[in-house]
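Here's the structure, in structure tokens; my notes come after.
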Amino acid sequence: MSDVITATHQYLLTHFGPLLTLKHLAEVMHSTPNGLRMAMHRKREPFTAALAGTRRRMGRRLYFEARLVAEVIDQNREQRNSGETSADASSGRSGTTRRIPGVRTYP
């Protein structure tokens, strides 16, 4: 465990304190509390499975440790940045896009 506080961890500590509620975490993730709860329950994505590992119960209440949430966010950011290929970088694309049947997309 490192003693270095990242910018992400500092932001979470400043705005929410050492423990985040589900509502706070949803705000950080730009999601709804129910959407986030279901995503962590399903654990289909590695990111949401890692977030599920940061939760702590205190009685009936559910909290998330800011330090662990910051680590998960930072690791996900590093993986996304290292996963970008040179072809994606030269074309200006980052990642893949999903095609939705019946929806027209424009360049």
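The values are calculated or read from the model by the stated rules, or taken from the named source; none is laboratory data. Values in this document were obtained by computation on a predicted structure and should not be read as measured data. In this analysis, Cβ positions are derived from the backbone assuming ideal geometry, glycine residues included, and neighbour counts consider all displayed protein chains.
General remarks:
- Residues in region 17-49 that are in contact (Cβ under 8 Å) with a residue 24 or more places away in the chain, touching a strand residue (DSSP E or B) at 6+ places or on another chain (Cβ under 9 Å) and of a type in the set (A, V, I, L, M, F, W, C): Leu19, Leu20, Leu22, Leu25, Val28.
- Note on region 68-81: residues that are in contact with a His (Cβ under 9 Å, 6 or more places away or on another chain) and loosely packed, with under 15 Cβ neighbours inside 10 Å amount to 1.
- Members of region 1-38 that are within 17 Å of Arg56 (Cα to Cα) and aliphatic (A, V, I, L, M): Leu12, Leu13, Leu19, Leu20, Leu22, Leu25, Ala26, Leu36, Met38
Condition check ((1) over 19 Å from the mean Cα position of the chain (by Cα); (2) at pLDDT 90 or above; (3) outside any strand (DSSP E or B); (4) under 25 Å from Tyr11 (Cα atoms)) across all residues:
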position	(1), (2), (3), (4)
Phe47	no, no, yes, yes
Ala50	no, yes, yes, yes
Arg56	no, yes, no, yes
Phe64	no, yes, no, yes
Arg67	no, yes, yes, yes
Asn81	no, no, yes, yes
Ala89	yes, no, yes, no
Thr96	no, no, yes, no
Val103	yes, no, yes, no
